[in-house]
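The values are calculated or read from the model by the stated rules, or taken from the named source; none is laboratory data. These numbers come from a predicted model, not from an experiment. A quick note on method: Cβ atoms are made from the backbone with ideal geometry, for glycine too, and the neighbour counts reach across all protein chains shown.
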Amino acid sequence: MSAGSAVKRISTHEEGTHMMVQDQLFAATAMPDRDWWQTLWSDPDAVVKALGVKRGMEVIDLGCGYGYFTAAIARQIDPGHVIGIDLDPEMLEQARAACKATTNCIWRFGDAMNLSHLIANPVDFVLIANSLHGVPDKTALATEVAATLRPTGRIAIVNWYPIAREQTPVLGQPRGPSTQLRMSPEQTRVVVEPAGFELETLVELPPYHYGAIFVRSGERRK
């Protein structure tokens with residue numbers, strides 16, 4: 001997830017509807033200000049490459065937000081395809097604009113917790129960036145991802161390291177989710193592996209993040 005939301009996060013003219021929509025948010029997963037986000041992730045192409053995204057893959061960017069990583073994935077995998085998924089139509093429109101120079105992006109409006117019903121064909125790779133910390137049932141989400149992957153597919157989860165928020169400044173201000181929500185690699189492993197995965201590798205994403213790459217249980221030893 002590119003710090004986007006796979007649950008509805010949409011402004012409406014009706015206050016009551018707006019409040020109902022806000023209630024559906026995963027905790028602390030709203031899209032950040034573009035200035036500090038681009039400062040933190042100055043080279044998104046290098047990030048997706050480090051995570052193992054390769055030419056020809058079919059990829060899901062789950063909770064794509066305004067498409068910051070979606071566009072980088074599209075450039076990396078062409079002629080493969082990336083499916084950007086979000087439950088905010090406004091974010092999807094911004095993602096379309098971010099990817100206007102590419103021809104291999106597909107868009108889906110939907111809830112991450114119903115992922116297996118949104119994807120017709122299995123994919124090679126699913127990215128969840130900067131949002132797993134806010135998912136109430138993390139193992140259930142991983143199970144949905146498992147249902148969309150090919151047998152040799154991978155899931156990459158990008159998380160903030162469990163560093164105090166006050167110690168992760170960007171452009172002079174503390175950034176990211178609250179300290180209490182941040183997950184260590186071990187905490188991530190504990191909630192993902194029961195869905196039928198095992199940790200393959202950890203990728204350092206300085207200054208404050210890591211990428212945890214998971215494969216299906218048993219695939220690592222083949």
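Anything in segment 99-111 that is among the aliphatic types (A, V, I, L, M) and over 16 Å from the mean Cα position of the chain (by Cα)? List them, or say none.
Initially, segment 99-111 is screened for residues among the aliphatic types (A, V, I, L, M), giving 101, 106.
Across segment 99-111, the qualifying residue is only Ala101.
For the structure I just gave you, tell me whether Asn159 is touching a residue at least 24 places away in the same chain (Cβ under 8 Å), on the phi > 0 side of the Ramachandran plot and touching a strand residue (DSSP E or B) at 6+ places or on another chain (Cβ under 8 Å).
For Asn159, the condition - touching a residue at least 24 places away in the same chain (Cβ under 8 Å), on the phi > 0 side of the Ramachandran plot and touching a strand residue (DSSP E or B) at 6+ places or on another chain (Cβ under 8 Å) - is not met.
In segment 85-108, is there at least one residue being in contact with an Asp or Glu (Cβ under 6 Å, 6 or more places away or on another chain), of a type in the set (S, T, N, Q), under 25 Å from Glu200 (Cβ atoms) and in contact (Cβ under 8 Å) with a residue 12 or more places away in the chain?
No, because not a single residue in segment 85-108 is in contact with an Asp or Glu (Cβ under 6 Å, 6 or more places away or on another chain), of a type in the set (S, T, N, Q), under 25 Å from Glu200 (Cβ atoms) and in contact (Cβ under 8 Å) with a residue 12 or more places away in the chain.
Of everything in segment 124-134 that's more than 8 Å from the chain's Cα centre (by Cα) and farther than 15 Å from Phe197 by Cβ, which residue is surrounded by the fewest Cβ atoms within 10 Å (Cβ to Cβ)?
The residue in question is Gly134.
Across segment 109-131, what is the number of residues that are charged (D, E, K, R) and either closer than 16 Å to Arg75 by Cβ or out of contact with any Asp or Glu (no Cβ under 9 Å at 6 or more places or on another chain) (or both)? Walk me through it before giving the result.
Let us first name the residues in segment 109-131 that are charged (D, E, K, R), namely 111, 124.
Going one step further and asking which of them are either closer than 16 Å to Arg75 by Cβ or out of contact with any Asp or Glu (no Cβ under 9 Å at 6 or more places or on another chain) (or both), we end up with 111.
Of the residues in segment 109-131, 1 are charged (D, E, K, R) and either closer than 16 Å to Arg75 by Cβ or out of contact with any Asp or Glu (no Cβ under 9 Å at 6 or more places or on another chain) (or both).
Of these, Ala147, Ala164, which one is surrounded by fewer than 18 Cβ atoms within 10 Å (Cβ to Cβ), out of contact with any Gly (no Cβ under 9 Å at 6 or more places or on another chain) and under 17 Å from Leu127 (Cβ atoms)?
It is Ala147.
This table checks each residue for (1) more than 25 Å from Asp35 (Cβ to Cβ); (2) of a type outside the set (Phe, Trp, Tyr); (3) in contact (Cβ under 8 Å) with a residue 40 or more places away in the chain.
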{"position": "Thr179", "(1), (2), (3)": "no, yes, no"}
{"position": "Gln187", "(1), (2), (3)": "yes, yes, no"}
{"position": "Val192", "(1), (2), (3)": "yes, yes, yes"}
{"position": "Ala195", "(1), (2), (3)": "yes, yes, yes"}
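Just to verify a result, which residue in segment 4-47, among those that are under 19 Å from Ala112 (Cβ atoms) and not in a loop (DSSP other than H, G, I, E, B), is modelled with the highest pLDDT?
Gln22
Does Val158 satisfy being touching a helix residue (DSSP H, G or I) at 6+ places or on another chain (Cβ under 6 Å) and within 20 Å of Val192 (Cβ to Cβ)? Write out each step before concluding.
Values: touching a helix residue (DSSP H, G or I) at 6+ places or on another chain (Cβ under 6 Å): no; within 20 Å of Val192 (Cβ to Cβ): yes.
It is false that Val158 is touching a helix residue (DSSP H, G or I) at 6+ places or on another chain (Cβ under 6 Å) and within 20 Å of Val192 (Cβ to Cβ).
Could we say that Arg75 is of a type in the set (D, E, K, R), within 18 Å of Lys54 (Cβ to Cβ), assigned to a helix (DSSP H, G or I) and touching a residue at least 24 places away in the same chain (Cβ under 8 Å) here?
Taking the combined requirement at face value, the residue satisfies it.
Counting only residues that are crowded, with 18+ Cβ neighbours inside 10 Å and on the phi > 0 side of the Ramachandran plot, how many does segment 56-109 have?
Going through segment 56-109 one residue at a time, the tally reaches 3.
Could you grab me the full set of residues in segment 149-203 that are within 23 Å of Ala46 (Cα to Cα) and of a type in the set (Asp, Glu)?
Passing the criteria: only Glu200.
Go through segment 48-71 and count every residue that is of a type in the set (D, E, K, R) and in a loop (DSSP other than H, G, I, E, B).
2
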